[in-house]
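The structure appears below as structure tokens.
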Amino acid sequence: LGALDRVVCPRVSLVFFHEHLRHGLVDEAQDVNDTQVRILSVLTQGWEPHGPNTLFVVGDPKQSIYRFRRAEVALFRQMQREGLAREGEPILPLDPLRLCANFRSRPPLVAFANGLFEKIMAAPEADLDEVAFSPSDASREEAAGEGPSGDRAYRSTPVVAALFRCSTSTGEDEDRIPPAQARENEAAFVAARVAALLSEGGAGEDIAVLIPARTHLSPFVTALEALGVPLRIKEGRPMLDAPEVRHLLNLFRALVRPYDDIAWAGALRAPWSRARLVALEALAEAGPGPWSARLASARSAHPDLERFSVALDLAASAFGREPYPATLQRLWEELGGPAATVSACGPAGVANALFFFELLGRCPSSPGEEALARLERLLDGAYTPPDPRGAASGVQVMTIHGAKGLEFGHVFAVAMDYRPGRGRGEAPAFLMDRVPGGGRVPLAAATADRRTGDKVLAHVLLTELGRGRDLAEFKRQFYVAATRARETLTLTGLDPRRKDGSPSSTAGPGLAAVEEAWEEGLIGPPFFALERDPESPSVPTAPVPAARPLPEAPRFDPAPLP
């Protein structure tokens, strides 16, 4: 913006754009922020209304879900109503054109979305950036055999909502279902439905499992992998959730800190070391000093320690004298790390280990403590790379944000009991947001005094305003998830209940709205079904391939050099 925003004395960049720019297209304009609108207004300086230059702005306010990037759907609505405001020049008018034809989804899915979101997005509040719902017209014709009389059972009910009951009470009731167990039940149901789709339609089925946030990823990936379903994970699990990564971090920590007995004990129990407990007991009783020093005296008594110590001697002589990834990876390979990792974690474990070494390469070459601290920070914010087995898979797992603009044959929107704003941890030092009203007036406020706990009224106002806008955005996020499917849509989530069986106040707004729309008759059979604690369909267990021994290495007798 600084390179362009020079109206009195324009820079070369602005002159270039004004000389050559004739037409502009802005896609996904519902997600613009104030800086992007300013750039657009500068680029169109000098354009005459209804002149030879054209500006085409495309967007759907119902799909604005990037508030964390400072996107404001109000900016799009303002351009839609008033045109593009420009400094020192008349407003550039934009003629609104509404597109309502839906060529993606089957008519039952379009009818479901219209009925549900007509209720969810009713009576929008402009101060909370809520948007009015505009229904879509189903422009795709049903193919022969689709509908209730179709051959495939899942086509007879294209939209299913599955609720899994859990208890919010903390008592010792025998019937109490903890939320963690209910989430596992939900993940098992989703995994079985995905596997059933694959068995019916073959590997060519196009399936997406959409999650509202990364924190919901692990149980669903675990359940799908347990049934042998290959996955393409667009945004993987946290690196520190992978056991092979934690083992490698433990090994590096032991090399950096020879005095850390806990790290040495963990390194000896890694899949590629697998020292037996009796060996660790002998090492613990081997005498005074740290475990790194005791290895020399106890190694001859146990083969497990001997193999580890031989490989360690080679690594210790080079540790700190060459890049850390080279030393650690060579030690990992000497201990049989790749084969042990594949055996314990599959090919994805090897991919995670190689990414670990890549992250280690970004750390300082010395000293070790700085490299360890930097590595721990990198791992804390890193996510696992794609699983090599899922490169050609038709099953993708991603966040709803990652699915924006995409479409899939079958969509599973899971964990839709999500409630925005929960579990955010410590509050930031201050908040800043746009205050309600017609103008664009920002307001900043510091958090409560940490010593006295006194709250600032402006901070309370901004907190409540932020919650309302987060909730409004989740309605749009829910809409995005529900409109990605072409053939079938499955919505799943928890149904939290109090001890007396009444709905809990912790229930998220997504599935709660589905349940209300069902009870009011806005959505229903034959194309929609609401299921409570459904049983997972039975699917054949994927056969585990038998391990094949490696062929014997050919004999090699080198000829003597002349």
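Roughly what % of Cα-Cα distances in the range 444-506 sit above 15 Å, to the whole percent?
73
Thinking of the range 240-335 as a set of Cα atoms, what percent of all their pairs are more than 17 Å apart?
Tail of the P(r) past 17 Å holds 46 percent of the pairs.
Going from the alpha-carbon gyration tensor of the range 279-333, what semi-axes, largest first and in whole Å, does one get by taking the root of 5 times each eigenvalue?
Over the Cα atoms of the range 279-333, the ellipsoid semi-axes are 24, 12, 8 Å.
What is the dipole size for the chain, taken about its Cα centre, with +1 at each Lys and Arg Cβ and -1 at each Asp and Glu Cβ, in debye to the nearest 20?
Around 940 debye, computed over the chain.
Cut-off under 28 Å on the C-alpha distance; same-chain residues fewer than 8 positions from residue 475 excluded. Which lysines are left, in chain and number order?
Reachable lysines: 62, 119, 234, 404.
Report the calculated FRET efficiency for residue 85 and residue 461 (r = Cβ-Cβ distance, R0 = 30 Å), to the nearest 0.05.
0.65
Can you work out ³J(HN,Hα) from phi for every residue in the range 35-47, in order, using Karplus 6.51 cos²θ - 1.76 cosθ + 1.60 and θ = phi - 60°, giving whole Hz and x for Gly and Pro?
5, 5, 5, 5, 4, 5, 5, 5, 5, 9, 4, x, 6
Measure nothing but the geometry: give the 0 to 90° angle between the long axis through the Cα atoms of 324-334 and the longest principal axis through the Cα atoms of the chain, rounded to 10°.
60
Based only on Cα atoms, what mean projected area does the convex hull of the range 270-392 have, in nm²?
Quarter of the Cα hull surface area: 8.7 nm².
Could you sort the peptides 452-461, 376-385 by per-residue average Cβ neighbour count (10 Å cutoff), highest mean leading?
376-385, 452-461
Could you bin all the Cα-Cα distances of the range 323-440 into 10 Å bins starting at 0 and give me the percent of pairs in each, rounded to whole numbers?
Whole-percent P(r) values from 0 Å outward: 10, 23, 27, 23, 13, 3, 1.
For residue 164, enumerate residues with amide H under 5 Å from its amide H, sequence gap 5+ or separate chain, H modeled in the peptide plane.
Amide H neighbours of residue 164: 493, 494, 495, 533.
From the gyration tensor of the Cα coordinates in the range 347-415, what semi-axes in whole Å does the equivalent ellipsoid have, largest first, with each one equal to sqrt(5λ)?
33, 15, 9
Ordered by packing density, taken as the mean number of other Cβ atoms within 10 Å over each peptide's residues, highest first, how do 360-369, 323-332, 45-54 rank?
With the highest mean Cβ count within 10 Å placed first, the list reads 323-332, 360-369, 45-54.
Need one number: nm distance between label points at residue 433 and residue 118, each 7 Å from Cα along Cα→Cβ, rounded to one decimal.
Going from the residue 433 label point to the residue 118 one covers 3.1 nm.
Let me see the P(r) profile for the range 316-373: every Cα-Cα distance counted, bins of 10 Å, each bin given as a percent of all pairs.
Spelled out bin by bin, the range 316-373 gives 23, 48, 26, 3 percent.
Show that you can apply the helix-only estimate: for the chain, add -39,500 (n - 2.57) for every DSSP H stretch of four or more residues, divide by all residues, and state [θ] at 222 nm to the nearest 500. List each step's numbers first, then the result.
On the way: 18 runs with 219 residues, N = 562.
One gets -12000 deg cm²/dmol as the mean residue ellipticity at 222 nm.
What FRET efficiency would be calculated for the residue pair residue 343, residue 392, taking the C-beta separation as r and a Förster radius of 22 Å, to the nearest 0.05?
Plugging the Cβ-Cβ distance into 1/(1 + (r/R0)^6) gives 0.40.
Note the per residue figure in Å³ for the convex hull of the C-alpha positions in the range 185-314.
161
Rounded to the nearest whole Å³, what is the per residue volume of the convex hull around the Cα atoms of the chain?
295
How many nm separate the modelled label positions at residue 452 and residue 101, each set 7 Å beyond the Cα in the direction of the Cβ?
6.5
Mind jotting down the three principal axis lengths of the range 43-85 based on Cα atoms? Whole angstrom, largest first.
35, 17, 15
Any read-out appearing in this document is the output of simple, stated calculations on the displayed coordinates, not a laboratory observation. These numbers come from a predicted model, not from an experiment. All Cβ positions, even for glycine, are placed from backbone atoms using ideal geometry, and neighbour counts span all protein chains on display.
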